[in-house]
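Here is the structure we will look at.
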Amino acid sequence: MKPILGYWDLRGIVEPIRYLLRYKKVDFLDKRYVHGTDKWLKEKFSLGLDFPNLPYYMENNLKLSQSLAIIRHLGAKYELDGKTNQQKLRIYVAEQQSRDFRMSLRTIAYDPHCEEKKKEFLENISGSFREWERFVGNRKFIAGDDLSYVDFMVYENLDYYRLFHATILEDYPILKAYHSRVKNLPEMQEYLKSPNYKRWPIFGPTAKFGGGGKEPKHI
């Protein structure tokens, strides 16, 4: 039986896992649940998950929930989790920082006053972008010359911010080049140009930004 990755029919926290699987050309079932239907609720407690939630990943006797647990497992399985102890430590730090970085955007995206607070938010988040610039530095990827699972997480976050504010990466040339480098990996391009890739929405339907409606013109 081919592996199953279950999540909502949007990018959300699972898209970096999809990137990793597509990058490694894994033949898996990308099972998508549509908001507003009860399909997930009907299946939720019958899948044998320790903590029934989305996303989940199943392969043979392995059944995992929690996005970080899934991407760590796949990173180790496909040798995308660092080759040296120093690389692994950078990956762990970037993983946690990436999660915080995403949460900052998610918080304002779901804020009822999102549009009114956007300018102040962008001013406040500039410090985080400068930290990421310093962290990436002259490295090709987060861990150095070797791609790792965390690159898919960082790339996706940068892409979300780019969708939120079209020119945000223009002020951060290191991050702009890094974003482009990950995006232009041949395996990524193959996925991004395929019918399997759904670029919008990026958040759930209650989000004030990224939850649906018209795609940004610069997507």
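The values are calculated or read from the model by the stated rules, or taken from the named source; none is laboratory data. Note that the coordinates shown come from a computational prediction; the quantities given were computed from them, not determined experimentally. Using ideal geometry, Cβ is built from the backbone for each residue, glycine included, and neighbour counts are taken over all protein chains shown. SASA here: full protein model, heavy atoms, side chains in, ligands and nucleic acids out. Shrake-Rupley method; radii C 1.70, N 1.55, O 1.52, S 1.80 Å.
Here are the numbers for this structure:
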item: Separation of the D9 and K63 label points, Cα + 7 Å toward Cβ, nm; result: 2.5 nm
item: Whole-angstrom Cα spans of the stretch 18-61 along principal axes, big to small; result: 31, 26, 13
item: Set of aspartates and glutamates with alpha-carbon distance to K24 below 19 Å, sequence-local pairs under 8 removed; result: E15, E59, E79, D81, D145, D146, D151, E156, E187, E190
item: Exposure ranking of M103, M188, M153 by accessible area [1.4 Å probe, largest first]; result: M103, M153, M188
item: Compactness relative to 2.2 N^0.38 Å, alpha carbon Rg of the stretch 39-87; result: 1.40
item: 222 nm mean residue ellipticity, helices alone, for the chain (DSSP H n ≥ 4; -39,500 (n - 2.57); rounded to 500); result: -15500 deg cm²/dmol
item: Exposure rule at most 10 other beta-carbon atoms within 10 Å, DSSP loop trypsin sites (Lys or Arg not before Pro): the chain longest free segment; result: 26-192
item: Spin-label model distance (nm) - D50 vs V26, 7 Å beyond Cα toward Cβ; result: 1.8 nm
item: Percent carbon-and-sulfur accessible area, the chain, ignoring ligands, DNA and RNA, probe 1.4 Å; result: 50 percent
item: Within the chain, percent of DSSP bridges classed antiparallel, to nearest 5; result: 60 percent
item: For the stretch 13-135, the spread of Cα positions along each principal axis, largest first, Å; result: 47, 44, 25
item: Stokes-Einstein diffusion coefficient of the stretch 117-219, Kirkwood radius over Cα pairs, 25 °C, 0.890 mPa s, in µm²/s; result: 165 µm²/s
item: Given K118/K214; K39/K77; K2/K140; K25/K198, the pairs whose alpha carbons are separated by over 23 Å; result: K39/K77; K2/K140
item: Sites N124 and Y78 - FRET efficiency at Förster radius 35 Å, r taken between beta-carbons, to 0.05; result: 0.45
item: Largest-first ordering by accessible area, 1.4 Å probe, given options L80, L64; result: L64, L80
item: The stretch 94-158 - accessible surface per residue (Å², probe 1.4 Å); result: 49 Å²
